[in-house]
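Comments concern the structure below.
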Amino acid sequence: MIYLDHAAATPVLKEALEAMMPYFSDVFFNPSAAYLPAKKVASDYEAAKATIAHAIGAKASDLVITAGATEANNLAFTAIQANAESVLYLATEHDSVRRIAEQCGGTEVKVLSNGIIDLSDLKSKINDQIELISISLVNNELGVLQPLAEVANLIRETKIDRMKRGVKTQLLLHSDASQALNLLDISVSRLGVDLLTLNAAKVYGPKGVGALYVSHDVRLKPLTYGGGQENGLRSGTENVPGVIGFAAAVKHAKEHVNGNRKKYAGWKKILLQELKDYELINKKHTLDNFIVLCYNGLDAERLIFLLEDRGVYVSTGAACATSKGVRSHVLKAIGLSDSEIAGSLRISLGRTNTEEQIHDAARIINEVVQSEKERVKRNG
Amino acid sequence: MGKSFFHGAKVFVGMSGGVDSSVSAMLLVEQGYDVTGVYMKNWSKDLPGMKCPWAEDLADAKRVAVKLGINFEVWDFEEEYRQKVVEYMLDEFKKGNTPNPDIMCNQEIKFKLFFEKAKERGADFIATGHYARTLALEMPPSGHTQGRSAKHMVPRRASSSAPVLLRAVDDNKDQTYFLYRISEEALAHTLFPIGGIKKPEVKKLAEERGLHNAYKKESMGVCFVGDVGMKDFLKEYIEINPGEIREIESERVLGYHEGAIFYTIGQRHGLCLDGEKGVVNDGLPYYVVKKDTKNNIVYVSKNLNDDNLWINELELKDVILRTSDLSILGPTCQPVFTGGSFTDGELRRPGHALELDKSPVLVRLRHRAPLIPATFDGKTIYFDNKIKRPASGQSAVLYDGEICLGGGIIA
């Protein structure tokens, strides 16, 4: 198997899995219970949260643990105080942002043809009703890195202008950084974000665990009510093994950021050299583990099934989009034609790969593309 | 299977992602047809609590097509399906009937719009994964099939009236109940590649050829209703209208229902009866025996012998007789099965023509229900013994041995 879809899911790191195991059975106690063994679990949990928080330059108390990035993104939108038309979000956001933003009457911000935010479009759309701007740090289909610091600057200027004019509406920056931790050293203060989404499943941690960083001056509303865990924002007995695994995965990612960048850059170079007859879609400002190839005139879904037969797993855009049978809104937003979208494949490199696999993958993809080209030609 | 008579002929095969249509496509490829797989997109809407699996089904169908190395297309009939099938179904329910949308889907979509479009695209045949067979009465000479348009391909004798629809070899899976209303023209150009083999064999073929969906759960009944019941689907479209449930013998009110149209004669589940009346909890179930849709009253009875439940005559409307002259199966005509092989003497060659004067027939009142002996005069079925009353709006399908003679809608 050559797995080239690490942006969809990552296998749990051995160290993370081992760290999690005792908390399923031996030390299973409810962190809220009064006796000492339970208190120990509570303190391990807090320590794990601190590890995750420190990785982004935050404190444990700034994090709300959730059941994944979708919930974290939804929770971030509870910061809005007015009911309608107070949200801006990037046209290329994941559905977990788009859908909740639509519910809040949000407005899309355009991207340029390279997938980078159109800052002038953003600027023109920040009126005095806008309370929240949501822009992912790394796009999940293209791997494009957004210039968040510039957005944060614009937000700061806008806030100053609002204060001068006596406008009291808050203005917050939320960013989904689910795809970022493997290759980026993240600091919430450097990014200038008020809310930041993290996802264990994309960094070799367990699925179903995520976190929302919440700056101390942001007020959220709970999505669920109950025992008041996670500062009252996310009731329910803590997912102790999940968070322990998340922390171990984050720690590992943090330590390997530089090594990963070098490794994936090298592999990307090999792929781009050895593959044939493609057009590279994400040319600039992207993380090196994301490679989006367009084979115009071919049907990428057919390529996926043919590659699957050869033991190579790739995807077209987001996995969630595929299962809904809709074309990628991300590729559409960067101005690709329907036929270009239909011919686009996403490769996302990761820990499971080796250099040998990269050479093999290039060869197999070339063969499959060739056979499909011949089939298309035969059919006129 | 052997090489087909129509080697190289152009076939559009409806592929649903299930094992039956996948194996059908595979057999056609192996028999040397020029095959294009088509996913018919008829319904894609999610309803509250009901996830429509169309995208997964489409992906499954496409994966098989790619594996077989054939072209694959999606044909969108969603608007037509809504008009011709869903609205028909809702109208019928509102009239108090219990319609069968699958029969309408075959008549209006699969063997009409799909067939027409395939014909436009130069098809010699369409194919589906139905368990059914056709009897082609006269074949054009072999080797002269390629590139010929459908109108030249009618495999029937000039003097005969229609191609013949036959029950599948697998009695347990026979789907002719759903096909009795499809047009002669479509049937004459339809292949049922698995009609001549049994389901376990179909599964085995899928496994042997590595078609991943050999183990896929079979979809039953109306595709878009999925795992939830018809009643839940209807509630999305038809407003709840509470009314009384009465005991037919006493007229006593035993409980309340959400609208008479949601209930079917013979139904015993889902009745919300008031247990305090002291008449309910003696262990015997109540059956719906009568619906008064005008006054919105559902009548129930514990008496399984209630006259309303049993009939020996059944009047049909919208009758379709597939063939009125069965003497076409004369000795000069060699039967050739277009799906599978003609194995034994299972075909009962009728020695009579179906006349409109009480001809003996076999009747099927539900998919997979046993065949009941009766006579039919072109409008009414007369049963030898009393049978449990089927719901109006359902279909009664008539057979003579293996041959599907046609049928009608229960009035």
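Bear in mind that the values in this text are calculations on the coordinates, not laboratory data. Predicted model only: the values in this text are computed from it and were never measured. We place every Cβ from the backbone using ideal geometry, glycine too, and count neighbours over all the protein chains shown.
Here the average projected area of the convex hull drawn through the C-alpha atoms of chain A stands at 19.6 nm². Put the Cα centre of segment A:211-264 next to the Cα centre of segment B:159-199 and the gap is 59 Å.
Put in line by how crowded their Cβ is, counting other Cβ atoms within 10 Å and starting with the fewest, A:Arg378, A:Arg190 read A:Arg378, A:Arg190. For segment B:67-75, the Karplus equation 6.51 cos²θ - 1.76 cosθ + 1.60, evaluated at θ = phi - 60°, returns couplings of 4, 7, x, 9, 5, 9, 9, 10, 10 Hz by residue, with Gly and Pro reported as x.
How big is the dipole moment of the protein assembly as shown about its Cα centre under a simple scheme where the beta carbon of each Lys and Arg is +1, that of each Asp and Glu is -1, and everything else is neutral? Debye, nearest 20, please. Kindly include the intermediate steps, with their values, before the conclusion.
On the way: 98 positive and 101 negative charges, 216 e Å.
Charge dipole of the protein assembly as shown: 1040 debye, to the nearest 20.
Straight-line cross-link reach from A:Lys40 at under 15 Å between alpha-carbon atoms covers these aspartates and glutamates, not counting any fewer than eight positions away in the same chain: A:Asp26, A:Glu238. Each Cα pair under 8 Å and six or more residues apart adds its separation to the average, and for segment A:259-378 the resulting relative contact order is 35 percent. Between the listed residues B:Tyr286, B:Ile248, B:Ile265, the Cα displaced farthest toward the positive end of the dipole of segment B:233-307, a dipole computed from Cβ unit charges relative to the Cα centre, is found at B:Ile265. The alpha-carbon of B:Lys51 sits under 20 angstrom from the alpha-carbons of these aspartates and glutamates, leaving out residues fewer than 8 places away in its chain: A:Asp95, B:Asp60, B:Asp76, B:Glu78, B:Glu79, B:Asp102, B:Glu218, B:Asp227, B:Asp232, B:Glu236. GNM, chain A, Cα, under 10 Å: largest mean-square fluctuation among A:Lys332, A:Lys168, A:Lys251? It is A:Lys168. Our Cα-only numbers for the protein assembly as shown put the radius of gyration and Dmax at 32.3, 100 Å. Each Cα pair under 8 Å and six or more residues apart adds its separation to the average, and for segment B:233-307 the resulting relative contact order is 32 percent. Between B:Arg268 and B:Asn241, what FRET efficiency comes out of the Förster formula 1/(1 + (r/R0)^6) with R0 = 22 Å and r the beta carbon distance, rounded to 0.05? That pair, B:Asn241 with B:Arg268, gives E of 0.55. Summing Cβ point charges (Lys, Arg +1; Asp, Glu -1) relative to the Cα centre of segment B:233-307 gives a dipole of roughly 120 debye. Find which of A:Ile365, A:Ser96, A:Ser175 sits farthest along the positive direction of the dipole of chain A, computed with +1 on the beta-carbon of Lys and Arg, -1 on that of Asp and Glu, about the Cα centre. Result: A:Ser175, furthest along the dipole toward the positive end. The H on the amide N of B:Gly255, modeled in the peptide plane, is under 5 Å from the matching H of B:Ile245, B:Asp274, each at least 5 residues off or on a different chain.
So what's segment A:1-84 giving for Cα Rg divided by 2.2 N^0.38 Å, two decimals? Walk me through the numbers before you get to the answer.
Details: Rg = 16.9 Å, N = 84, 2.2 N^0.38 = 11.8 Å.
Rounded to two decimals, the normalised Rg is 1.42.
Please get the size of the charge dipole for segment A:14-251, origin at its Cα centre, with Cβ charges of +1 on Lys and Arg and -1 on Asp and Glu, quoted in debye to the nearest 20. Could the numbers behind the result be given before it?
Details: 23 positive and 26 negative charges, 91 e Å.
So the magnitude is around 440 debye.
Taking every alpha-carbon pair under 8 Å whose residues sit at least 6 apart, chain A reaches a relative contact order of 23 percent.
For a Förster distance of 41 Å, can you work out the FRET efficiency between the beta-carbons of A:Asp26 and A:Ser61, rounded to the nearest 0.05?
Working: r = 28 Å, r/R0 = 0.67.
The value I calculate is 0.90.
Cross-link partners for B:Lys203 among the lysines, with Cα-Cα distance under 24 Å and sequence neighbours closer than 8 places in the same chain left out: B:Lys3, B:Lys62, B:Lys67, B:Lys110, B:Lys173, B:Lys216, B:Lys217.
Would you calculate, for chain A, the mean residue ellipticity at 222 nm contributed by helices, counting each DSSP H stretch of 4 or more residues as -39,500 (n - 2.57) and dividing by all residues, to the nearest 500? Please list the in-between numbers first.
On the way: 13 runs with 157 residues, N = 380.
Rounded to the nearest 500, it is -13000 deg cm²/dmol.
Applying the Karplus relation 6.51 cos²θ - 1.76 cosθ + 1.60 with θ = phi - 60° to segment B:236-242 yields 3J(HN,Hα) values of 5, 10, 10, 5, 5, 9, x Hz, where x marks Gly and Pro. 3J(HN,Hα) along segment B:255-269, derived from phi through the Karplus expression 6.51 cos²θ - 1.76 cosθ + 1.60 where θ = phi - 60°, amounts to x, 10, 10, 9, x, 4, 5, 7, 10, 10, 4, x, 5, 10, 9 Hz, with x in place of Gly and Pro.
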